[in-house]
Amino acid sequence: MMHSALSQSQNPVPNAAQRKLEQILDPAHPLCRDDVVWILEFIKKKVAEEDPALADLSQPRLLQNFRYFAEISLMLIQRRNGFDQEADRLKDWIYEASFGLHPPKPSRRTRKD
């Protein structure tokens, strides 16, 4: 019985992070500065850990992830206020910067730009 409790206690951490990521990516969830900082720290941690999901991405895709990571970082530095006016763009950038760390959402990109 102790073994199953130990197994269960090891699973909530990744699940909690996955739930937080899903919450941030949810179009209905309003973003705050703490969310943006959390996602940047989450991505940084996954890169530092050499997460296998990222290791499987192509070099062009990793460069694209980095580009959006940098865009988010610069937006965070340059904006003192909330992200209301740029929430949709910021959500897209977060989705792209964290590509490979969440399941793809085929309905996310329904139109061609």
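Odds and ends about this structure:
- Residue satisfying all of: in segment 63-88; at pLDDT 85 or above and more than 14 Å from the chain's Cα centre (by Cα); nearest to residue 41 (Cα to Cα) among these: 76
- Residues that are modelled with pLDDT of 90 or more and either more than 13 Å from the chain's Cα centre (by Cα) or surrounded by fewer than 10 Cβ atoms within 10 Å (Cβ to Cβ) (or both) within segment 33-52 comprise 34, 48, 49, 50, 51, 52, listed in sequence order.
- If you go through segment 68-99 and pick out every residue that is more than 21 Å from residue 29 (Cα to Cα) and surrounded by 13 or more Cβ atoms within 10 Å (Cβ to Cβ), you end up with 0.
The values are calculated or read from the model by the stated rules, or taken from the named source; none is laboratory data. Everything numeric in this text was worked out from a predicted model, so none of it was measured. No Cβ is skipped: glycine too gets one built from the backbone with ideal geometry, and neighbour counts run over all protein chains shown.
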